[in-house]
Structure formats: C-alpha cells, structure tokens
Amino acid sequence: MQNSANTTLTLFCPRKSCKCYQSAENKIAKDGVYTTKSDCEPRQMFYCNGGKHRFSETGYSDLFGKHGSFKEYEQTAKLSSYGLAIDAIADVLQKDRRTIEQWQKAIGQKGHQFHLFLSFTIGLTIVFLQMDELWSYLKNKKQQLWVFIALESTTKFWIGFELGSRTIYTANRLVKGIKELGKWGKDNILKVATDKLAAYKNALENIMSDIPYAYLQIVKRRINRRLVTVKKYFVKGTAKDFPGKSQNTSFIERLNLTLRQHISYLHRKTLGYCKNKLNFTNVMWINLFNYNYIQFHKSLRIQIRNEDELTSPNRRTDLGQLCSISKYKSCRNSELFQDFCTLKSGKDGLKL
Ligand SMILES: [Zn+2]
C-alpha cells in the first residue's frame, strides 16, 4: 500500500531547450543509471524520444550539476528546518556558504513547485482558513519584513505564505494564492479567522467576493505581555457559523511558534537578520515542504489511521488523499526526499 506520487504521473522532458519540453505526448524511457564523484547512490538516466537526448533525474529539479550528494541535500534541508543559519550549515557540512545557498535555492524551488503542483492537481478543500503575520527584519532593525502565513486548520495543512510589508498588498497576494489553490463550492461557507489587522478584511472582500465566507476577528489585548482580554468580532456571519471550539486562532498561533523555532531568520533576539529576501523565501519553502509532506505530525497520524473513512466522499477527502502521501515510505525519509526532489511529473500550464 503506497501512495506513490511518481508512479501515477506521466514522465515529461524537463529540458527547457527541448522542443518536447513538458509535452505529455512525448515518450520518456529509463536509460541506465550512473553515479557521481560526490554521490555513490545511483541516479537514474532517462531518454527523451522526441528530443533525442538523455537526461538525469536531477534535471527534474535544479539540483543538476550542484555537486552534492542526495544525503547532503537532505541534510541541508533538514538543518534549514531546524533553524540553522546558512553559515552554521556550511560549517557542519564543511562546504562554502555559497554552495549551501545554492542548494537551499534548488531545494526551496522544488518544494515550491511540488506544493503548487500537488495542490493545483488535487485542489485543496479549505474548510477553516486561519491567517496570521509574523514580524521580522530585512538587513537591519529599521526595515521591517513581515511574513504572512495561511493554514487550513481542520487538517493543519499549511497552504502558503507571503513576505512583504504589513499592508493590504501582502494580504492580497496571500489571499489570491489561497483562492487559486482551493476548490470552492457554493454550498459550504468558508470559515476564516484572523487577528485584527484590517488588511485581511479588505483582501477577503476584494478577492473572495464570489465565495460565501464567514469571517471572525480575534482581538487579543496584552499588557506587559500578559493576555488581558480576548474579544471576538464577527465581521461577516454570526457565531453560528463557528460552532464548537472553532472560535479561535490557536492553530495558526501554534504554527507561528513552530516557525519561530524552525527558521533562523525568525528567531527572536537574533543578530542574523535576513540579508536577502530570496534566501528567506527559499528557507520558507523548504520548511513548508517539510511541514506538509515529510514530517510525521501527530495530527496527521490520526487521519492516516482513519484513511478508509477519508476516502469516502466527505469534505476532507481530497486533503486526506494529499496528506496520506506522508505515509509513502515514511520509514525512509531520505528516499522520500529524493523522490520529491526529482518528482517526475508535470501538468499543462504549470511550469515545473
Ligand atoms: Zn527532451
């Protein structure tokens, strides 16, 4: 029983200069294996029939020609999601910091592509959306950089993030991204909960106008870090739209804390502020990829045990299907990582 993302999807040619680039009609055949100086683990070669050329499986990500082993790539990814800064990772792996930067870029990009591809293909069922923003700095303390994040809280699926100013522009981009990945029906009312930032309200009004949603703002007031009051404002809809214990933003706040720990640029009281927004984005994608697809969550384990129920047509079916991919060879994370990095799949209109 394995939910192999690789076997169900057709192979395509990943070479941009090839006339059969990403064509579904093209025939791709396995064509032997090879090893490199830095990696004794065999890598698969393929033959592109339409373009009459061979290519390596690493061509499916930007890891081709990056002179590292898959083990090192995996270590880089892991250390990046344990909150280590680039310099520290370079020190541990005895590499140049620029090398680590390049690897992070390639892995982050692949994580991004993978997430978009899978979410687009399956279409996320979003029941309860929670959004929040974290502060950080760019280069120095004078320049704030905010990280907006979005979570589907019934499945704990991290939908996406945006880096930018604490304004409507960043909120708009975030909500737009969510709308593109979601599967929207007219029957269910989408639940949304955020803090009091007005940008969310405007972004939702602008972008989700054709989707029925109920919107709850949770306003927490703190004096000297102590929580004094929690107020709930039903901006759209009523308390009835948020039954049970759903009148809170606790899941996104939990993710918030997780990210503070796992991403070096988000550490509190750090000197290692982000120097380069692109590096920050790459590390964020590595973390999202790790969080959604590689890590085994307690909350996901429950779903996997109930997989039979999840395959029945209920609201969470599609996301359940998505999450069960973390079961795929879950005992061997490195293989899982390699398979994802070299995921051999493409979709028309989606540039992988
Ligand atoms: Zn080709």
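The values are calculated or read from the model by the stated rules, or taken from the named source; none is laboratory data. Please read these numbers as outputs of a predicted model, since none were measured by experiment. Here Cβ is always computed from backbone atoms with ideal geometry, including for glycine, and neighbour counts include all displayed protein chains.
Tabulated data
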{"quantity": "Qualifying positions in the range 239-255 - in a helix (DSSP H, G or I) and touching a residue at least 12 places away in the same chain (Cβ under 8 Å)", "calculated": "Asp241, Phe251, Ile252, Glu253, Leu255"}
{"quantity": "Complete set of residues in the range 58-67 that are away from the ligand (no atom under 16 Å from the Cβ) and surrounded by fewer than 21 Cβ atoms within 10 Å (Cβ to Cβ)", "calculated": "Asp62, Gly65, Lys66, His67"}
{"quantity": "Filter result for Ser38 (in a loop (DSSP other than H, G, I, E, B), within 16 Å of the ligand (Cβ to nearest atom), surrounded by fewer than 18 Cβ atoms within 10 Å (Cβ to Cβ) and hydroxyl-bearing (Ser, Thr, Tyr))", "calculated": "no"}
{"quantity": "Test: residue in the range 232-247 that is assigned by TED's automatic domain parsing to the domain that holds Val219 and under 22 Å from the mean Cα position of the chain (by Cα)", "calculated": "no"}
{"quantity": "From the options Ile211, Ile252, residue that is surrounded by 16 or more Cβ atoms within 10 Å (Cβ to Cβ) and within 28 Å of Gln104 (Cα to Cα)", "calculated": "Ile252"}
{"quantity": "Selection within the range 70-95 - crowded, with 16+ Cβ neighbours inside 10 Å and not in a helix (DSSP H, G or I)", "calculated": "Ser81, Gly83, Leu84, Ala85, Lys95"}
{"quantity": "Residue count, the range 41-62 (criterion: over 26 Å from Lys105 (Cα atoms) and either in a strand (DSSP E or B) or in contact with a helix residue (DSSP H, G or I) (Cβ under 6 Å, 6 or more places away or on another chain) (or both))", "calculated": "3"}
{"quantity": "Residue in the range 3-14 that is more than 30 Å from Lys277 (Cα to Cα), within 16 Å of the ligand (Cβ to nearest atom) and not in a loop (DSSP other than H, G, I, E, B) present", "calculated": "yes"}
{"quantity": "Conditions (1) modelled with pLDDT of 95 or more; (2) surrounded by fewer than 19 Cβ atoms within 10 Å (Cβ to Cβ); number of the one not met by Glu180", "calculated": "(1)"}
{"quantity": "Residue match in the range 37-52 (condition: touching a residue at least 12 places away in the same chain (Cβ under 8 Å), within 18 Å of Asn282 (Cβ to Cβ) and of a type in the set (A, V, I, L, M))", "calculated": "no"}
{"quantity": "Residue among Phe55, Phe114, Phe70 that alone is farther than 30 Å from Lys196 by Cα, among the hydrophobic types (A, V, I, L, M, F, W, C) and within 16 Å of the ligand (Cβ to nearest atom)", "calculated": "Phe55"}
